[in-house]
Amino acid sequence: MAEGDPARCPVDFDHFSPEHAAHWPARWAEMREQCPHAWTERHGGFWVVTRYRDIVAIAQRPEDFSPAKYQDPETGESRGGLAIPELPGLRFIPNEVDPPEWSGYRTFLNRRFSPKAIDVLKGRARQFAAALVDRVIEQGHLDIVDDLASPLPALMMIEIFGFRPDEWRSFSDPFHKMVYTPADAPEFLETMRGLDYFARRVDEEIALRRVEPKDDLLGLLANGEMDGRLLTDEEIQNIAFNLMGGGIDTTTALTSNTLLYLARHPDLRSRLAANPALWPVAREEFLRWVTPIHGLARTAIRDSDVDGWEVRKGDRLLLAYSAGNRDPEIFDDPDAVKIDRFPNKHIAFGAGMHRCLGSFLARMMYETMVTEVLARIPDYAIVEADIQPYETVARVNGWVRIPATFTPGPKVGAVIA
Ligand code: HEM
């Protein structure tokens, strides 16, 4: 721990550091025990909240702690928002919006991501997963990230939006790279520019939907009424980016980590392959254990306290969901994967009103991918020497590359179309 104001429990902590990426469970445990609300001066200064109960309490007090992004009236710069350090540019809608505005957007979107709406998409997800495995099954090797875990969520998001399936690479690559490229890396700006393609395609398709309405998500964004009015082009872009940004790399990371873990625990893999009915409970445990989004920010909008811990107006806070999900006060033996853990009140999808809009979709895509792999290439073995984790877990706890080999098998004739 660093020296400084003891009430702030100062630490020298940077969630972007490779050291944190390599040792985060131990680092969180140490902070949770010694300094459950620690203050770091990095990135302009912020609290690191590592206890489950504090994270949930803060997430459930939007009137005191806000994820909203706004423009500083004096400088015109973007302030607040979900990212530490603050990111310039668009604000995610609905995630970086406060009530009452937030409820209009969330109600507008909810129906498209309800359990019923997601049930209808199961067949398409199965078809895409089968087609992705078909592309590699005769060759006997694949990259779990690039060949499966990354394309499937991109294909499904494209399906839901109403873009053409052959565009998935151009959409998924920039979102994937943006997540694992550190903000100070020279290629970060180039990666951000890759997102322009998505922005342009949203504009083009919205213009088309306005002339020729369709019942896809782009059609809803173009022509649907929220609180009796149409959305502006800027709102549409901000919603589209929130949905794509939230939807793509998160499920990718969950699937990649799970398949890696199962290859390293072949008995568990065989058990799950033989009993797919175990997945609904096992899935929640992998969500807890992986926690694809490690943490997101809030800004204190007034002086207040959390159980006696004083927070000042303007303070930034990192809600470390991955630390909360390993809190021994809530989860017995928290670093272990127990696929029958129940109840499992993990916060991998957040807590409070901003809890994930896409949770049913994510669960469905994930289960479809892992069951397809276990059914068709059950003996996959990881090429351990060639795997590459993200250099930073600050945005998503994922993998750049997980090559694997397996016994080749037959295609089933599924196509991406
Ligand atoms: C395993 C996959 C996923 C994980 C771990 C995840 C995680 C999260 C988390 C932690 C939050 C809370 C944000 C906060 O605290 O402010 C959130 C919100 C959100 N997620 Fe997800 N997410 C996943 C998949 C998806 C998918 C597939 C979509 C696509 C629709 C999506 C869209 C959103 C949106 C729009 C919000 C903001 C909700 C609001 O502000 O009302 N997410 N997600």
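The values are calculated or read from the model by the stated rules, or taken from the named source; none is laboratory data. Note that the structure is a prediction, hence the values are computed from the model and not measured. Cβ atoms come from the backbone with ideal geometry, glycine included; neighbour counts cover every protein chain shown. Remember, those area values only see protein heavy atoms, side chains included, never the ligands or the DNA or RNA. Shrake-Rupley method; radii C 1.70, N 1.55, O 1.52, S 1.80 Å.
As an equivalent ellipsoid, segment 46-159 spans semi-axes of 37, 19, 16 angstrom, where each value is the square root of five times an eigenvalue of the C-alpha gyration tensor, largest first.
If you run the Gaussian network model on the chain, springs between alpha carbon atoms under 10 Å, then out of 275, 344, 242 the most flexible one is 275.
Given R0 = 35 Å, the distance between the Cβ atoms of residue 277 and residue 383 translates into a calculated FRET efficiency of 0.65. What the Cα convex hull of the chain gives, in volume per residue, is 147 Å³.
Report the gain in length on full extension from residue 200 to residue 230: 0.36 nm times residue separation, minus Cα-Cα distance, nm rounded to one decimal.
Answer, rounded to one decimal: 8.8 nm.
Of 243, 296, 208, the residue with the greatest mean-square motion in the GNM of the chain, using alpha carbon springs below 10 Å, is 208. So if we plug the beta-carbon distance of residue 212 and residue 114 into 1/(1 + (r/R0)^6) with R0 = 30 Å, what FRET efficiency do we get, rounded to 0.05? So, using R0 = 30 Å, E works out to roughly 0.70. For segment 6-405, the dipole from Cβ point charges (+1 on Lys and Arg, -1 on Asp and Glu) about the Cα centre works out to 960 debye, to the nearest 20. Excluding ligands, DNA and RNA, the accessible surface per residue across the chain is 43 Å² with a 1.4 Å probe.
Working from label points 7 Å from Cα in the Cα-to-Cβ sense, the residue 268 to residue 70 distance is 4.5 nm.
Per-residue surface analysis assigns residue 66 an accessible area of about 0 Å², computed on protein heavy atoms at 1.4 Å probe radius. Across segment 6-405, C-alpha contacts under 8 Å between residues 6 or more apart give a mean separation that, scaled by the residue count, equals a relative contact order of 26 percent. The heavy atoms of residue 379 present about 70 square angstrom of accessible area, all protein chains included, probe 1.4 Å.
Using 0.36 nm per residue and subtracting the Cα-Cα separation, the extra length available between residue 169 and residue 188 on full extension is 5.0 nm. Rounded to the nearest 0.05, the FRET efficiency derived from the C-beta distance between residue 412 and residue 7 at R0 = 51 Å is 0.25. Helices assigned as whole DSSP H runs in the chain whose Cα atoms extend at least 27 Å along their own long axis and whose mean Kyte-Doolittle hydropathy is -1.0 or higher are found at 188-211.
Which loop GluC sites (Glu not before Pro) in segment 120-223, with loop taken from DSSP, have no more than 16 other Cβ atoms within 10 angstrom of their Cβ?
138, 187
Can you list, by residue number, the Cys in the chain that have no neighbouring cysteine C-beta under 4.7 Å? Singleton cysteines: 356.
Nonpolar atom fraction for the chain, defined as the carbon and sulfur part of the 1.4 Å probe accessible area, stands at 53 percent.
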